[in-house]
Amino acid sequence: MNKKRVLIIYTGGTIGMLPTPNGYAPQSGYFRAALGRIDELHSDRMPEWDLIELSPLLDSSNITVREWNEIAGLVAARYDAYDGFVILHGTDTMAYTASALSFMLENLNKPVVLTGAQIPLCELRSDGRDNIVTSLLIAAEGAAREVCLYFGGTLLRGNRATKYSADGLIAFVSPNYPALAEAGITIRYRESALLPERSGPLRLQPFDNVPIGVIKVFPGIQFELFESIMTEKLRGIVIETFGAGNIPGDGTALLPIIRRAAEHGTVLTVCSQCPQGTVSLGAYETSSALKRAGAVNGLDLTTEAAVAKLYYLFSRGGNKEEVAAMMEKNLRGELTEAQI
Ligand code: ASP
């Protein structure tokens, strides 16, 4: 029987970092040797795998649209040659990259599993070992044919995941969507949660460097300080509001700015500071005014997914109305559409 083939793309991140006088940092050439020392990866029961390292390797705080395009390009160029893909990535921005890839890889019908570690492979008690081994098995098995994130025993939909812990080994949660699988003694998939199979060829949608901003409201926020960037510079804004989509000050300071931003072609998406639950524009007076001023309902999108989706929709060349309409639609399982 032919063995399954998986491509590992190492982008950097804690998993392959070494200590330096300035703290942990990735070092080119080390990671391949580190994988060589994980016995399980060389077992007959593992899929065949190849490794590609990005250059330079990055702490994921430094990941940009350029690397998203590079990673997605590598997957697209080798799509037919492999059964699945494992992207090793720093945890800090892993949920952003997972969200971005979920949109960039249109018609994806193979697993793309992002993983990493909180403790580097060079240290005792590294969680990287299980994260890599299990991700490889998931990528080879092919049950989850979507961009997902495996960490600490749980497989999550990539565009539903968010980093939750800076130091725990269960670093990610998916507050608004069930886990796709749990890796206990066996890997148990939640079939009903997986995206359905897709047919047709993979299509890659690269991202442009679209100017996007994220604004988090807080009591006493002086919206006028943000006016010029909101109305002139940014094409997409994610606003993290209170609760179900509420803004301070009855919206008096913000609503005229939103109206002007909308006139300039900016799409403002309302997300919540609460990780769990959904924005419900119109449930309160302040939030219905947001809708009337031209804001988009971000529903239960994570901020990471909202940012990635804005990049995607603007990169596809949509105009403001199209982008605004698509933001509220479910494209890759990233949100729960409002019941009308
Ligand atoms: N700063 C690291 C990174 O995101 C953290 C990690 O990988 O866990 O690259």
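Within the stretch 3-18, restricting attention to residues that are modelled with pLDDT of 95 or more and open to solvent by 30 Å² or more (accessible area, probe 1.4 Å), which residue is farthest from Ala117 (Cα to Cα)? Per the criteria, the residue is Lys4.
The lone criterion from (1) within 19 Å of Tyr150 (Cβ to Cβ); (2) within 16 Å of the ligand (Cβ to nearest atom) left unmet by Pro56 is number (1). Gly168 fulfils the conditions (1) outside any helix (DSSP H, G or I); (2) among the small types (Gly, Ala, Ser); (3) more than 15 Å from the ligand (Cβ to nearest atom) except for a single criterion, (3). Of all residues in the stretch 19-30, those that are in contact with a strand residue (DSSP E or B) (Cβ under 8 Å, 6 or more places away or on another chain), open to solvent by 80 Å² or more (accessible area, probe 1.4 Å) and away from the ligand (no atom under 13 Å from the Cβ) total 1. One residue is enough: does the stretch 31-51 have a residue meeting the conditions touching a helix residue (DSSP H, G or I) at 6+ places or on another chain (Cβ under 8 Å) and within 11 Å of the ligand (Cβ to nearest atom)? Looking through the stretch 31-51, none of the residues is touching a helix residue (DSSP H, G or I) at 6+ places or on another chain (Cβ under 8 Å) and within 11 Å of the ligand (Cβ to nearest atom).
Would the stretch 141-153 turn up any residue that is out of contact with any Cys (no Cβ under 7 Å at 6 or more places or on another chain), without any contact (Cβ under 8 Å) to a residue 40 or more places away in the chain and assigned to a strand (DSSP E or B)? Yes - at least one qualifying residue is present in the stretch 141-153.
The residues on offer are Thr336, Thr241, and the sole one that is under 25 Å from the mean Cα position of the chain (by Cα), of a type in the set (S, T, N, Q) and surrounded by fewer than 16 Cβ atoms within 10 Å (Cβ to Cβ) is Thr336. Here's a check for you: in the stretch 65-81, which residue that is among the β-branched types (Val, Ile, Thr) and closer than 18 Å to Ala305 by Cβ is nearest to the ligand (Cβ to nearest atom)? Out of the qualifying residues, it is Ile71. Only residues that are over 21 Å from Trp68 (Cβ atoms) and of a type outside the set (S, T, N, Q) were counted across the stretch 312-340, and they come to 10.
Tally the residues that are open to solvent by less than 70 Å² (accessible area, probe 1.4 Å) and over 26 Å from the mean Cα position of the chain (by Cα), restricting the search to the stretch 227-238. The number of residues fulfilling the criteria is 3. Note on the stretch 218-249: among residues that are outside any helix (DSSP H, G or I), without any contact (Cβ under 8 Å) to a residue 40 or more places away in the chain and among the β-branched types (Val, Ile, Thr), the one that is farthest from Thr269 (Cα to Cα) is Ile221. Applying the criterion of being surrounded by 15 or more Cβ atoms within 10 Å (Cβ to Cβ) and among the hydroxyl-bearing types (Ser, Thr, Tyr) to the residues of the stretch 252-287, the residue that is farthest from Asn176 (Cα to Cα) is Thr266.
The values are calculated or read from the model by the stated rules, or taken from the named source; none is laboratory data. Keep in mind that this is a model prediction, so the values were computed, not measured. Glycine gets a Cβ as well: all are built from the backbone with ideal geometry, and neighbour counts include every protein chain shown. SASA here: full protein model, heavy atoms, side chains in, ligands and nucleic acids out. Shrake-Rupley method; radii C 1.70, N 1.55, O 1.52, S 1.80 Å.
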